[in-house]
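Q: Pasting in a structure now, in structure tokens, and then I'll have a few things to ask.
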Amino acid sequence: MALLDNKNVILTGGASGIGLETAKLFVSEGARVHVLDLPGAKLDAVAAIVAATGGSANACDVTVREQVDAAVAVATAGGTQIDVVIANAGISSPAAPFEEYPLDGFERVLKVHVVGAFHTIQAALPHVPDGASIIITSSVAGLVGTPQVSAYGTAKHAQIGLMRSLAVDLAPRGIRVNTINPGPVDNEFQTTFEERVTGQAAADANAIFDSMIPLGRHIPMVDIAYGMLYLAGPHSTNVTSTIFRIDGGMGG
Ligand SMILES: NC(=O)c1ccc[n+]([C@@H]2O[C@H](COP(=O)([O-])OP(=O)(O)OC[C@H]3O[C@@H](n4cnc5c(N)ncnc54)[C@H](O)[C@@H]3O)[C@@H](O)[C@H]2O)c1
């Protein structure tokens, strides 16, 4: 039997990067994965992957409650219960000294990461049975300060606050709530960010970041997906309110 047989999963940001890697792994473990992500070719592509086990791909902006509710309604049609909720959708942050930091960028980053996670979890909760697992993708940037990206750092710390609050609120129902905190991941999201903050081309920017990671290398996306699998699956039933770092030691 696969680890997630007969499990229903809501996964935001599942059309790309870490979310896509997680969707593929979860499908291979038998899960029915319902992806919520912005419309476009990437969402269309993941639709074919999650269809293999009866999942769905839903165009949805996690900052818009009506859209989240509509997508959750698709995932829960016919009274389906949601065993795993993963609030993973995220965007990069403007990079600027705090004195010049743009308010609109600050607000947008908080809205996607924090309000988006709020909407996703609150909309799913009426369909979540006792003993379920909720995972929020935070970051090493939620553990330590990172220069020039105050919006992203604030949002990723706030997600940990949300997780801890929910972990105690939902513990009486046996619902577990944890964050997964990746360090710099070997993907386009991170490379684009590194190019922007270092002003270097990808290879040099990656090398600069490698030098900041104690283990000296970026994290493969599949490592994060297996962390998600652990937190979603049957071997973590006593794990809640945990900051699950997969960061090469960068979080200190
Ligand atoms: N890449 C890294 O190094 C890294 C490190 C730590 C944490 N993270 C976090 O991991 C998560 C996934 O990032 P990734 O690296 O896979 O990046 P990615 O850009 O590949 O994936 C992010 C996904 O979120 C979706 N998304 C963005 N805004 C959305 C919205 N308003 N509504 C619905 N979907 C939306 C995007 O369309 C995309 O599919 C993010 O929360 C990110 O902050 C990434």
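Q: Residues with amide H under 5 Å of ALA57's amide H, sequence separation 5 or more or different chain, H placed in the peptide plane at 1.01 Å from N; which?
A: Hits under the 5 Å cutoff: VAL35.
Q: Then there is this: Just subtract the alpha-carbon distance of ALA52 and PHE98 from 0.36 nm times their residue separation and send over the number in nm, one decimal.
A: Difference between extended and current length: 11.9 nm.
Q: Near the amide H of VAL177, under 5 Å away, which other amide H atoms are found, from residues 5 or more places off or on another chain, if H is placed in the peptide plane?
A: ILE134, SER241
Q: Let me ask you something else. What number, in percent, do you get for the relative contact order of region 8-246 if the mean sequence gap of Cα pairs under 8 Å and at least 6 apart is divided by its residue count?
A: Rounded, it is 19 percent for region 8-246.
Q: For n ≥ 4 DSSP H runs only, could you compute -39500 (n - 2.57) per run for the chain, divide by its residues and tell me the 222 nm figure to the nearest 500?
A: -12500 deg cm²/dmol, from helical runs alone.
Q: Right, here's the next one. At a Förster radius of 41 Å, what calculated FRET efficiency corresponds to the Cβ-Cβ distance of THR80 and ASP186, to the nearest 0.05?
A: The formula returns an efficiency of 0.75 here.
Q: Taking the Cα centre of the chain as origin and charging only Cβ (+1 Lys, Arg; -1 Asp, Glu), how large is the dipole, in debye to the nearest 20?
A: Dipole about the Cα centre, nearest 20: 580 debye.
Q: Modelled label-to-label distance, ASP44 and ILE91, 7 Å Cα→beta-carbon offset: nm?
A: With each label point 7 Å from Cα toward Cβ, the separation is 2.3 nm.
Q: I would also like to ask the following. How many angstrom separate the Cα center of region 128-181 from the Cα center of region 184-252?
A: So the two Cα centres are separated by 16 Å.
Q: Moving to a separate point now. Students often get this wrong: which residues of region 157-195 have the backbone nitrogen under 15 Å from the point 7 angstrom along Cα-to-C-beta of ALA207?
A: Only 195 fall inside the zone, counting backbone N under 15 Å.
Q: Using a 7 Å offset from the Cα along the Cα-to-Cβ direction at both SER165 and GLN200, what is the distance between the two label points in nm, to one decimal?
A: With each label point 7 Å from Cα toward Cβ, the separation is 3.9 nm.
Q: Still on this structure: Straight-line reach from LYS156: which aspartates and glutamates fall under 15 Å, measuring Cα to Cα and dropping same-chain residues less than 8 apart?
A: GLU107, ASP247
Q: Could you pull the Rg and Dmax for the chain, using just the Cα atoms, both in Å?
A: 17.3, 55
Q: Let me ask something else. For GLN148 and ASN6 in the same chain, what is the full-extension length gain: residue separation times 0.36 nm, less their Cα-Cα distance, in nm?
A: Contour length minus the Cα-Cα distance gives 46.7 nm.
Each value in this text was obtained by applying a stated rule to the coordinates, not by laboratory testing. All figures in this text were calculated on a predicted structure; none of them were measured in a lab. All Cβ positions, even for glycine, are placed from backbone atoms using ideal geometry, and neighbour counts span all protein chains on display.
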